[in-house]
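**Q** Dropping a structure here in structure tokens format, bear with me for questions.
The values are calculated or read from the model by the stated rules, or taken from the named source; none is laboratory data. In this text, all values refer to a predicted model and were calculated from it rather than measured experimentally. Cβ atoms come from the backbone with ideal geometry, glycine included; neighbour counts cover every protein chain shown.
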Amino acid sequence: MGAFHESVMLEDVVRCLGADRGGLYLDGTVGGGGHAEAILKVGEDVRLLAADRDPEALAEARARLRTFGPRVAFAPGDYADARELFGLGEGALAGVLLDLGVSSHQIDTGARGFSFRPGVPLDMRMSGQGPEPTAAELLASLSVDELAEIFRAYGEERRARRLAAGIVESRKRVPLRTSDDLLRVLEAVWGRPVAAAEAARIFQALRIAVNKELDSLGRALPELRDLLAPGGRLVVISYHSLEDRLVKRAFREWSRDCVCPPNLPVCRCRGRALGREVTRVPLRPSPEEVARNTRARSARLRAWERGQ
Ligand SMILES: C[S@@+](CC[C@H](N)C(=O)[O-])C[C@H]1O[C@@H](n2cnc3c(N)ncnc32)[C@H](O)[C@@H]1O
């Protein structure tokens, strides 16, 4: 285990990817490189492409995976752009891993602005220095409707509109720059101290918006599917229900023979499944793993295999 990030469900990942078949794999969220290391250790005939949006993660993974030499290649960027990042063609990959969300390192490094501990700047960009607006910039510029939609859709927050209106009111007096500023608005709107779980949901909603996380995932799923060779596996670990729903729906849809609307008298769609679900229900970490690593508690792993 590294201090950077403790990888979740290591054995399930290696088994579901089918890394023992050898070949070329993609770790689209390499983070601290824990999963990548376990995959590369399976055999000399395993090669790995490693991407991450976060330059600090890539530097950590490079150092950790140095011993594998030319069997591993790195690229900074969004996993949804893997085709361009690594110059890949259809059917090039034996397997793909996405371990979504943020790493412990990102959460624990105050300056990155992912946590709601006191004094943390509202940044939240996974890329660190990328051109995308920070959380503070979104809070300063979006309308009540736009902010409410973020808290409702990504945070499943019932008081989304009240909170959005509170933010817009508050920023007229003083800009929201740090976690404390946002927590103060939350407390004013709620009229009481905010529980940690409530704050976590609101901060997570903002993080999803800053990094356009669901857009990346939605765009990536069919892209990555088409990069798989016949028999290739796509493994995704998600940490909240919105991500898991996207993955579940995609895997279900690709595994059906017919996807025509039910009222069509004859089948006009592709007429055959593109592959099969390896996990009918998502795998969860064991109680022992959750006791050891509380950040594993919300993990859900789903795997899909491309047809021959
Ligand atoms: C949970 S951590 C991965 C940990 C890693 N599996 C390990 O074993 O150390 C998630 C990582 O995914 C990266 N990430 C999230 N969304 C991404 C995206 N769309 N493209 C590339 N990297 C992304 C984050 O920067 C973070 O480093």
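**Q** Of everything in the range 127-143, what is surrounded by 17 or more Cβ atoms within 10 Å (Cβ to Cβ) and hydrophobic (A, V, I, L, M, F, W, C)? Give them in sequence order.
**A** Passing the criteria: A135, A136, L138, L139, L142.
**Q** Quick one: would you say G119 is small (G, A, S) and touching a Pro at 6+ places or on another chain (Cβ under 6 Å)?
**A** no
**Q** Follow-up question, since we're still on this one. Going through V259, V236, V281 one at a time, which residue ends up being part of a loop (DSSP other than H, G, I, E, B) and either in contact with a helix residue (DSSP H, G or I) (Cβ under 9 Å, 6 or more places away or on another chain) or buried (at least 17 other Cβ atoms within 10 Å of the Cβ) (or both)?
**A** V259
**Q** Determine which single condition M124 fails, assuming it passes every other condition in (1) under 30 Å from R284 (Cα atoms); (2) surrounded by fewer than 16 Cβ atoms within 10 Å (Cβ to Cβ).
**A** So the condition that M124 fails would be (2).
**Q** Another one. Between R225, R284, which is free of Cβ contacts under 8 Å to residues at least 24 places away in the same chain, assigned by TED's automatic domain parsing to the domain that holds A80 and touching a strand residue (DSSP E or B) at 6+ places or on another chain (Cβ under 7 Å)?
**A** Answer to the selection: R284.
**Q** Can I ask one more? If I ask for residues that are surrounded by fewer than 22 Cβ atoms within 10 Å (Cβ to Cβ) and assigned to a loop (DSSP other than H, G, I, E, B), which ones from the range 288-305 would you list?
**A** N293, R297, S298
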